Amino acid sequence: MSARLNVFGSPTAGTLLKHLVSAGRVVEDSPLPAATQELVKIRASQINGCGFCTDMHVKEAVVAGETPTRLHLVAVWREATVFTEAERAALELAEQGTRIADAAGGVTDEVWENAAKHYDEEQLTALVALIALINAFNRLNVMVRQPAGDYQPGQFG
């Protein structure tokens, strides 16, 4: 399988990706816990069917010390006992933020208030930005059919 476009060889895509990655670094450097960041990126990527991003973020989470059990259970986090209440709130916000088109009201007040119980304003800002960014990356990769499986941790960093 090969991608529809060579986003790594395109000057336009290269400039776009540079800016998206730069925005992502702002989130990485925020007070939002790193483990939460990876879990959110994985869950949004699963929902969007982005194999490239799912592959990347699972591998990066492993290198960062995430456990196989937690990684295997991200897709079914509601039934899993291995996530903190804060992580569960972030995953729920990520799901609703990713599925905005499926819900006329977008993110519910209940989900927002639950996230706000666990994260301060700076962390919430980073969480919202992270959800928006991973959705942008997912959509780009899904549209061009970027193949999954070959990512090496740290490849772009």
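The values are calculated or read from the model by the stated rules, or taken from the named source; none is laboratory data. Quantities reported herein were computed from a predicted structural model and do not represent experimental measurements. Cβ: placed from backbone, ideal geometry, glycine included. Neighbour counts: every protein chain shown.
Points to keep in mind about this one:
- Each residue in region 22-60 was checked for being under 18 Å from Val128 (Cβ atoms) and either outside any helix (DSSP H, G or I) or among the β-branched types (Val, Ile, Thr) (or both), and 11 pass.
- Residue among Leu133, Leu124 that alone is farther than 17 Å from Ile42 by Cβ, modelled with pLDDT of 95 or more and either touching a Pro at 6+ places or on another chain (Cβ under 8 Å) or surrounded by 11 or more Cβ atoms within 10 Å (Cβ to Cβ) (or both): Leu124
- Residue pairs whose Cβ atoms lie under 9 Å apart, sitting 6 or more positions apart in sequence or on different chains, and linking a residue in region 93-121 that is under 20 Å from Ala136 (Cα atoms) and modelled with pLDDT under 95 to a partner that is part of a helix (DSSP H, G or I) and of a type in the set (Asp, Glu), do not occur here.
- Candidate set from region 115-157 (those that are assigned to a helix (DSSP H, G or I) and of a type in the set (Asp, Glu)); member that is nearest to Asp29 (Cα to Cα): Glu122
- Residues that are β-branched (Val, Ile, Thr), part of a helix (DSSP H, G or I) and in contact with a helix residue (DSSP H, G or I) (Cβ under 6 Å, 6 or more places away or on another chain) within region 61-95 comprise just one, Val74.
- Evaluation of Leu17 against (1) in a helix (DSSP H, G or I); (2) of a type in the set (A, V, I, L, M, F, W, C); (3) modelled with pLDDT of 95 or more; (4) in contact with a Leu (Cβ under 9 Å, 6 or more places away or on another chain) (one fails), failing number: (3)
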